[in-house]
Amino acid sequence: GQHVSGAGDVELSAYLPLAAACAAFVGTHFLMSHPLRAMLVYRLRGNGFSLLYSAVSLALFYWMITAFVQAPKGNYFWPVGDVLWAITSILTLIAAVLFTGSFVRNPALPGVPDALAAQEPACVFKVTRHPMMWGFALWGIGHILIAPRIDNFLFAGSIVFLALVGSKGQEIKKKKLAGVEWDSWLRRTYFWPRLSALPSVGFGPWIAGIVLWLVATWGHPYLGVAGAGIFRWLGI
């Protein structure tokens, strides 16, 4: 079989189950969000569609995690030291702040009135109009930096791809459905994060984000990963 450069003696075919799980997870998201959405909503109504979407997503994400755990852990493609760990710690902290803040006054969440998009962006939406998706993307980018292996390129890379490409897809869909309100929202917000706006998002997202970040990094040893975040340097 074909051997992977930088991945030791692991054959590419060993990653096929993980690649299949990632493709299924990403593919069904796009299918249910775009080409199949109207038909599914019509057939199942709103609640039925939401239940199907959630059930399929959770089942395939479970498959993705299981396949990731079982996939071979090849060699790193570049050396990882304290500098990359520090960068990833900062990226994941920002990700946690954006993610926790994304639940407040988010016009893109299901069931939220489109009129909310006509209001002035507040909280983390001063940074980007897709704080939840950028939270996932920054998490993925950070984890690729500190675990540059084939299995992680597939797993974390799929999450980054889905978050960012999905954000653009959401904009196209919302523009069709919400019209004027969403046009106004697009003009007054940013796709790419403006990190200079982070200090102005308010105490709430920072407090919640820091708590989430501390709990997540503290819990890494239970996932078989040595201390992450500040716990790496505290030796906890």
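The values are calculated or read from the model by the stated rules, or taken from the named source; none is laboratory data. These figures come from a predicted structure and were not determined experimentally. Here the Cβ positions follow ideal geometry from the backbone for every residue, glycine too, while neighbour counts run over all protein chains shown. Note: areas computed on protein heavy atoms with side chains; ligands, DNA, RNA excluded. Shrake-Rupley method; radii C 1.70, N 1.55, O 1.52, S 1.80 Å.
General remarks:
- Pairs linking a residue in region 151-163 that is touching a residue at least 12 places away in the same chain (Cβ under 8 Å) and farther than 20 Å from S102 by Cβ to a residue that is outside any helix (DSSP H, G or I) and open to solvent by 20 Å² or more (accessible area, probe 1.4 Å), with Cβ atoms under 8 Å and 6 or more positions apart or on different chains, are D151/P72; D151/K73.
- One residue from F99, F68, F77 being out of contact with any Ser or Thr (no Cβ under 7 Å at 6 or more places or on another chain) and part of a loop (DSSP other than H, G, I, E, B): F77
- Qualifying residue in region 103-110 (condition: assigned to a helix (DSSP H, G or I) and either in contact (Cβ under 8 Å) with a residue 24 or more places away in the chain or open to solvent by 20 Å² or more (accessible area, probe 1.4 Å) (or both)): no
- Scan of region 1-32 for residues that are at pLDDT below 65 and surrounded by 16 or more Cβ atoms within 10 Å (Cβ to Cβ), ordered by number: V4, A7, V10
- Any chance K168 is touching a His at 6+ places or on another chain (Cβ under 8 Å) and of a type outside the set (V, I, T): no
- Near pairs, Cβ below 9 angstrom, 6+ apart or cross-chain, from region 202-214 (more than 13 Å from V104 (Cα to Cα)) to any residue that is surrounded by fewer than 18 Cβ atoms within 10 Å (Cβ to Cβ) and among the β-branched types (V, I, T): L214/I230
- Options A208, A216, A228: the member that is surrounded by 14 or more Cβ atoms within 10 Å (Cβ to Cβ), out of contact with any Asp or Glu (no Cβ under 7 Å at 6 or more places or on another chain) and more than 30 Å from Q70 (Cα to Cα): A208
- Condition broken by L58, with the remaining ones in (1) in contact (Cβ under 8 Å) with a residue 12 or more places away in the chain; (2) exposed (fewer than 14 other Cβ atoms within 10 Å of the Cβ); (3) not charged (D, E, K, R) satisfied: (1)
- Residue in region 65-76 that is under 23 Å from the mean Cα position of the chain (by Cα), of a type outside the set (G, A, S) and modelled with pLDDT under 85 present: no
- Restricted to region 182-205, and to residues there that are open to solvent by 70 Å² or more (accessible area, probe 1.4 Å) and of a type in the set (A, V, I, L, M, F, W, C), the residue that is farthest from A163 (Cα to Cα) is F203.
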